[in-house]
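Shown next, in structure tokens, is the structure this report addresses.
Read-outs: derived from the displayed coordinates by stated rules, not from any lab. Quantities reported herein were computed from a predicted structural model and do not represent experimental measurements. All Cβ positions, glycine included, derive from the backbone under ideal geometry; neighbour counts span all protein chains shown.
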Amino acid sequence: MSKRIILGIQITNRVDNVPEVQKVLSQYGCNIRTRLGLHEVAQSACSEHGLLIIETYGDDAAIHAMEASLQNIKGLVVKKMEFDC
């Protein structure tokens, strides 16, 4: 049975964390089907906090490695949802 894995990634300090997060996402780019980034924006400021939603694709081992790499970045909270297809 196949499954769909979605990762939710809360970033608490976008300015400091984004380069390392982007490095991991680029490394596992072939395992990302959909990527959605959300953050608060106002006329006077751009939020330091953000949320990424990643729909994964491919080998379970690579997906778990990507999740572990993201969890090792200080300032991130990574949550996973799994759905049977």
* Asked: Dipole of the range 3-84, Cα-centred, from +1 at each Lys and Arg C-beta and -1 at each Asp and Glu C-beta, to the nearest 20 debye?
  -> 40 debye
* To do: Rounded to the nearest 10 degrees, what's the angle between the helix 60-71 long axis and the longest principal axis of the chain, both from Cα atoms, 0 to 90?
  => 20 degrees
* Asked: Semi-axes, largest first, in whole Å: what does sqrt of 5 times each Cα gyration tensor eigenvalue give for the range 3-84?
  -> 23, 13, 11
* Can you tell me the 0 to 90 degree angle between the C-alpha axis of helix 14-27 and the longest principal axis of the chain, rounded to 10? => 20 degrees
* Okay, helix-only estimate at 222 nm for the chain: each DSSP H run of n ≥ 4 adds -39500 (n - 2.57), divide by all residues, round to 500 deg cm²/dmol; what do you get? -> -9500 deg cm²/dmol
* Want the number for ARG14 to VAL77: 0.36 nm per residue separation, take away the alpha-carbon distance, what's left? -> 21.4 nm
* Between beta-carbons, use under 9 Å as the cut-off and find the net charge around LYS3, counting Lys and Arg +1, Asp and Glu -1. => -2
* **Radius 11 Å from Cβ of GLN71, net charge of other residues (Lys, Arg +1; Asp, Glu -1)** => +2
